[in-house]
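Only the coordinates and a few stated rules stand behind these numbers; no lab work does. Just so it is clear, the structure is predicted and the values come from calculations on it, not from any experiment. Neighbour counts are summed over all protein chains in view; Cβ atoms, including those assigned to glycine, are modelled from backbone coordinates with ideal geometry.
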């Protein structure tokens, strides 16, 4: 999907601060790209309304992990695998 734009970086920083999230030590570019790629895959492979809901579910699951930032890639991979199984060929 490409590199996140500065506007997205600024939004993520502001939203994280508003939500009381500490993203120190998190590669924001990598995180943003992973979430954007996930939502694109779900929107095109499952259906468009499922994309933001899926991103929320991944975030919710990651938030329950001992290390939420470290859990995100595994949760994204798991959901992408599920989408591949359920998507029409």
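Take the Cα of residue 18, step 7 Å toward its Cβ, do the same at residue 67, and the gap between the two points is 3.0 nm. With contacts taken as Cα pairs under 8 Å at a separation of at least 6 residues, the range 6-86 carries a relative contact order of 25 percent.
Within the listed set 59, 25, 45, the Gaussian network model of the chain (springs between alpha-carbon atoms below 10 Å) gives the highest mean-square fluctuation for 25. For the chain, the longest principal axis of the C-alpha atoms and the axis of helix 50-63 are separated by about 50°. Report the Stokes-Einstein translational diffusion coefficient (µm² s⁻¹, integer) for the chain, Rh taken as the Kirkwood radius over Cα pairs, at 4 °C with viscosity 1.567 mPa s. Result for D is 95 µm²/s. Helix-only arithmetic for the chain: the sum of -39500 (n - 2.57) across DSSP H runs with n ≥ 4, divided by the residue total, places the mean residue ellipticity at 222 nm at -24000 deg cm²/dmol. Once both labels are positioned 7 Å from their Cα atoms along Cα-to-Cβ, the gap between residue 33 and residue 77 label points is 1.7 nm. Largest GNM mean-square fluctuation across 72, 53, 35, computed for the chain with C-alpha springs under 10 Å, falls on 53.
Using alpha carbons only, the radius of gyration of the range 24-66 set against its Kirkwood radius gives Rg/Rh = 1.03.
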